[in-house]
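Peer 1: Can you read through this structure? Questions will come right after.
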Amino acid sequence: MANNDSGHGGRATQPQDSALYEVLKGIDFERRELVDKGKGVGLFDLVKARDGSYRCYSCTLCERVCPVDCIEIDYCPEFEELPFDVAAERAAALTSLPGESCGAGAACVMGEKPAGFMPQIDIKLFDPVIAGIRAGSGLVEAFHATQEAFGYLPREALEDIAEEMKLPFSRVFGVASFYSQFRLIPVGKHVIDVCMGSACHVAGAPLVVEAFSQELEIPVGATTPDRLFTLQTVNCVGACALAPVVRLGDDETLGRLGPNEARKLVRRLRKQEVGA
Amino acid sequence: MSPAVKLTKIDKALRAKADQSAYLAGDAKTEIRICAGTACHAFGRVALRKAVEKALAERGLTGKVAVVETGCHGFCAEGPIVVLRPQGLFYPRLKPRDIEEIIATSVVGDGIVERLLYKDPATGEPLAHEKDIPFYALQERIVLALNGSIDPYSLDDYLNHGGYAALAKVLNAADPQSVIDEVEKSGLRGRGGAGFPTGKKWRFCRANPGEKHYVICNADEGDPGAFKDRSVLEGNPHSVVEGMIIAAYAIGAGNGPVEGYVYIRHEYSLAVERLRHALAQARERNLLGDDILGSGFSFDIRINQGAGALVCGESTALMASIEGRRGMPRGGHIRSVAHGLWGQPTNLNNVESYANVPWIVNHGREAFAAKGTATSKGTKIFSLTGKVVNGGLIEVPMGATVRQVIFEIGGGTLPGREFKAVQLGGPSGGCLPASLLDEPIDFESLVAAGSMMCSGGMVVVDDTTCMVDFAKFFLKFTAGESCGKCVPCRVGTQRMLEILERISAGEATIDDVERLEPLADDIIEGSLCQLGGSAPNPVLSTLRYFRDEVMAHVVQRCCPAKVCRPLIRYTIHADACTGCHVCLGACPAAAISGERKQAHTIDQKLCTKCDTCRQLCKFDAIPVETGIFAMAEGRRQ
């Protein structure tokens, strides 16, 4: 079954012989052997659910994680009849319960969110970004400029960037979703960044994150329904002498913050908002 | 015109342009230098500056006493820091209300405010001068030499401290090949951690033909617990720019066009701002751009910001990111010095490597090679953090022992706590136990000990840190940062993490522990880049030096450091509890009950083990217990 003569660095393809078997056990070897690399295409197909609809949510994850970059999702003009009803799939994905969807959850920009979730963007703010691209800025820099203008990367902006740079949208979206700093959905008024560096970790940062999470009643990475708070973690802000460190917005850094102070901070900010 | 004459001429012309009034150290006038590093900023240096300005204005001293905001002084644990020059008086941990007294006593008069001085933690003696404080006295600063004394926004300040002299020297006297020889023979090795000889890299890059050569500075310091590159860029951005221009000259002069990039973390906003400012100033004075200082050599530097991906610190991923692709590394068989950015020969060095170059050119390779050990020359900057008294940024000669760094400069662990381990090199490095404290710091001996120089992060942990939890933290970090390109790293780290999760939950078997090592070897073997190739290091070093502690989780099902939540239990000691209600009011789970002035109790079913009550208790009445009983109760929940 296994084609040992493929000559790929002489590495045995028998799974149990491989030193990497333990690592690779997440991969279904028997299935993998069905794929004849020589003939290549056509062996990967979209799986259908019982009712005949496709299970694909167009999350583009397959394209993003493919270790050998062999998948590229693109608009295909030959198939004007789309293979499945995208609008209905999107609607289904958005109404599905947690765990039922593809897992991309709130990060998914492929579908429109319920009314009011995605605010209208002022496209005028986008002009400097286009000007920057024309002046030779790279894709990542263009994203930074966009995020500075809107606070996140709206889908329209990504489409415009793709058009301006003459890149496939999938590529632009792939890059945007690769970097953890780029946000694909708008954030709350107060962005709380808890530092998760090693110095902060030994000083008890996980307890601080938990305190915030409990007090705000949201998981890390989410925004409160009233759009006041977004809770995030950052790798290391480099202020290790102040551990555990919390950054509030872009300019305020709070040091030596315990779980109790964290709760008090949220209560104080809430009070401020009510008063305002 | 002989080269020497031409050198002095260019150097003079450069320095003549410098505004001498910015430089005050030679005069009798006083300077107030406020540290404006990130830590001191967070400690409130803005308020401090306002207080200083107000106090000076009240006395009519505005403009007569210079107020300078400098880069990081390094002693971050004692922030915010103010140093008075020329006396060198060092005032740590200042509040705005202290300023009035300092101005009255030390600026107007020539006394010392003893109350505010730094106290030697060993003897309690107040130490007035920077040079007397052990933290500074035992360091040897090359790269950080000017960090606390110049204004990072002032090119003049840098020029007046001898800045760009190395560049003038190189542009005039030296041919590119001899610059490369100088750096190569100095023994400078890559300060990003891998330790590849810098001069050799330059030589390879120069030798490779291409339409254009690229010189990149890697300032994507993503490792948690490391901030040396940030501090160098914040404190002395021109030294890095100067080093890059020299590198570009060595690689590109007479060899086609060269272009420079600095790839810097977006999180380092202050460093980006200061670097941008420095580049603009350098362009203004023709230190960058076309025909630099009339030498006929042209070079410019662009800033490229990262976006929160650790893997972009890997050289090929970094180049992919500059090119506007996902930051995914490629195989190591294609060398960047031949096919790097946009397929052209590319030289990539760390911030600290570039910052060393001007010093080497100015002082000669012998002076540099005289420092350090046989294989590792010069000095190395470490970010000393964690459970240590004097946290901050330190620079020591290679070959100093870990003990010297932690106990002599760092002042040892916090009072009443026992040293357990030091984590070197962040998520790619490993932990060294107390028995290896006398290990000299150089590239080879750290690797032999199962750790790595890496980015120079040094996190000290004491007996309150669980080594399993700590290893899990690093692995979780690398597993999350894995770019997903190759399976051993993406899936393998996840599998290892699952095992560690089981260990810290008290659910692991001995088989699990035994599986960790071969799994780690496979990940190291099979990963494309060094992120995967070094990801298992924290786990391997934990198994090597702290196997007993790991086995305690597995066999006795207890966590000796009392950190792993499923294995611990919070109780209230009835004799010690005064019934003050503080913990009761603060408990987020309402798990504590009891009357005022009566001993409280914790309902184990409700307790989320958030540690709030223990931190708040003033009477140490809430001990943490560990053992199988705790787990049994956890299960019952």
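Peer 1: Kirkwood Rh and Cα-based Rg: tell me the resulting Rg over Rh for region B:322-417, rounded to two decimals.
Peer 2: Ratio of gyration radius to Kirkwood radius: 1.12.
Peer 1: Got the relative contact order for region B:468-556 handy, in percent, Cα pairs under 8 Å and 6 or more residues apart?
Peer 2: 37 percent
Peer 1: Quick one: if you stick a label point 7 Å off each Cα along the C-beta vector at B:ARG544 and B:ARG97, how many nm between them?
Peer 2: 5.2 nm
Peer 1: When 1/r is averaged over all different Cα pairs and the result inverted, which Kirkwood radius in Å belongs to region A:142-230?
Peer 2: Details: mean 1/r = 0.0676 Å⁻¹.
Computed over region A:142-230, the radius equals 14.8 Å.
Peer 1: Please identify the GluC sites (Glu not before Pro) of region A:174-276 that satisfy two criteria: DSSP loop assignment and at most 14 other Cβ atoms within 10 Å. Which are they?
Peer 2: Numbers: sites: A:GLU210, A:GLU215, A:GLU217, A:GLU252, A:GLU261, A:GLU273; in loops: A:GLU217.
Answer by residue number: A:GLU217.
Peer 1: What number, in percent, do you get for the relative contact order of region A:190-275 if the mean sequence gap of Cα pairs under 8 Å and at least 6 apart is divided by its residue count?
Peer 2: Computed value for region A:190-275: 37 percent relative contact order.
Peer 1: Extending each Cα 7 Å along its Cβ direction at B:THR105 and B:ASP290, get the distance between those two points in nm, one decimal.
Peer 2: The two pseudo-label positions are separated by 5.9 nm.
Peer 1: Let me ask you something else. Where in region A:142-170 is the amide nitrogen less than 13 Å from a point lying 7 Å along the Cα-to-Cβ axis of B:ARG302?
Peer 2: Residues A:142 qualify, since their backbone N sits under 13 Å from the label point.
Peer 1: Let me have the relative contact order for chain B, percent, based on Cα pairs under 8 Å that are six or more residues apart.
Peer 2: 11 percent
Peer 1: Work from the charge dipole of region B:565-636 (Cβ charges, +1 for Lys and Arg, -1 for Asp and Glu, about the Cα centre) and give the residue of B:PRO566, B:LEU616, B:HIS581 farthest towards its positive end.
Peer 2: Going by the charge dipole, the pick is B:PRO566.
Peer 1: Could I ask something else about it? Residues of region B:371-409 with amide nitrogen under 17 Å from the 7 Å Cα-to-Cβ point of B:HIS363?
Peer 2: B:371-374, B:376-382, B:394-400
Peer 1: How many Cβ atoms of partner chains, on average, are near each residue of B:609-616 if near means within 10 Å of its Cβ?
Peer 2: 5
Peer 1: Okay, next question. Using only the Cα atoms, what convex hull volume per residue in Å³ does region B:379-465 have?
Peer 2: Residue-normalised Cα hull volume stands at 75 Å³.
Peer 1: Within region A:114-214, which trypsin sites (Lys or Arg not before Pro) sit in a loop by DSSP and count at most 15 neighbouring Cβ atoms inside 10 Å?
Peer 2: Filter output for region A:114-214: A:LYS166, A:LYS189.
Peer 1: Grab the eigenvalues of the alpha-carbon gyration tensor for region A:190-275, scale each by 5, take roots, and send me the semi-axes largest first in whole angstrom.
Peer 2: For region A:190-275, the semi-axes come out at 20, 12, 12 Å.
Peer 1: Once you compute Rg and the Kirkwood Rh from C-alpha atoms, what is the Rg to Rh ratio for region A:123-178?
Peer 2: Working: Rg = 9.8 Å, Rh = 10.8 Å.
Reported Rg/Rh, Kirkwood definition of Rh: 0.90.
Peer 1: Oh, and also: Ignore the peptide's own chain and count Cβ atoms of other chains within 10 Å of each Cβ in B:263-272; give me the average, rounded.
Peer 2: 3
Peer 1: Take the Cα atoms of region B:565-636, find their three principal axes, and give me the spread along each one in whole Å, biggest first.
Peer 2: Projected onto its principal axes, the Cα set of region B:565-636 covers 32, 21, 18 Å.
Peer 1: By count of other Cβ within 10 Å, fewest leading, how are A:THR224, B:THR316, B:THR509 ordered?
Peer 2: Fewest-to-most ranking of A:THR224, B:THR316, B:THR509: B:THR509, A:THR224, B:THR316.
Peer 1: Turning to a different aspect of this structure: What full-extension length gain, to one decimal in nm, is calculated for B:MET551 and B:ILE510 as 0.36 nm per residue of separation minus the Cα-Cα distance?
Peer 2: Between B:MET551 and B:ILE510, full extension yields an extra 14.0 nm.
Peer 1: Semi-axes of the equivalent ellipsoid for chain B, please: Cα gyration tensor eigenvalues, times 5, square-rooted, ordered largest first, whole Å.
Peer 2: 45, 34, 20
Peer 1: May I pose another question? Can you put A:MET196, B:MET458, B:MET452 in order of Cβ neighbours within 10 angstrom, beginning with the fewest? All intermediate terms of the calculation are to be shown ahead of the outcome.
Peer 2: Numbers: A:MET196 25, B:MET458 28, B:MET452 22.
By the 10 Å Cβ count, ascending: B:MET452, A:MET196, B:MET458.
Peer 1: What's the local net charge at B:VAL405, with K and R +1, D and E -1, over the other residues with C-beta under 11 Å away?
Peer 2: Working: positive: B:LYS380, B:ARG403; negative: B:GLU395, B:GLU408, B:GLU439.
Once all neighbours under 11 Å are counted, the net charge is -1.
Peer 1: Please arrange B:TRP359, B:TRP342 by counting, for each residue, the other beta carbons lying within 10 Å of its beta carbon, fewest first.
Peer 2: Result, fewest neighbours first: B:TRP342, B:TRP359.
Peer 1: For B:ALA173 and A:LYS189, FRET efficiency with R0 = 56 Å and r from the beta-carbon atoms, rounded to 0.05?
Peer 2: My answer for the efficiency is 0.45.
Peer 1: Could you list, in their original order, any pairs among B:LYS597/B:LYS618; B:LYS185/B:LYS380; B:LYS228/B:LYS380; B:LYS420/B:LYS472; A:LYS264/B:LYS597; B:LYS472/B:LYS562 whose Cα atoms are separated by more than 20 Å?
Peer 2: A:LYS264/B:LYS597
Peer 1: If you don't mind, another one. If you take the beta carbon distance between A:LYS124 and B:GLU498 as r and set R0 to 41 Å, what does 1/(1 + (r/R0)^6) give as a FRET efficiency, to the nearest 0.05?
Peer 2: For R0 = 41 Å, the calculated efficiency reads 0.25.
FYI, it's all coordinate maths here, none of it is from the lab. Remember, predicted model here, so these are calculated numbers, not experimental data. Glycine gets a Cβ as well: all are built from the backbone with ideal geometry, and neighbour counts include every protein chain shown.
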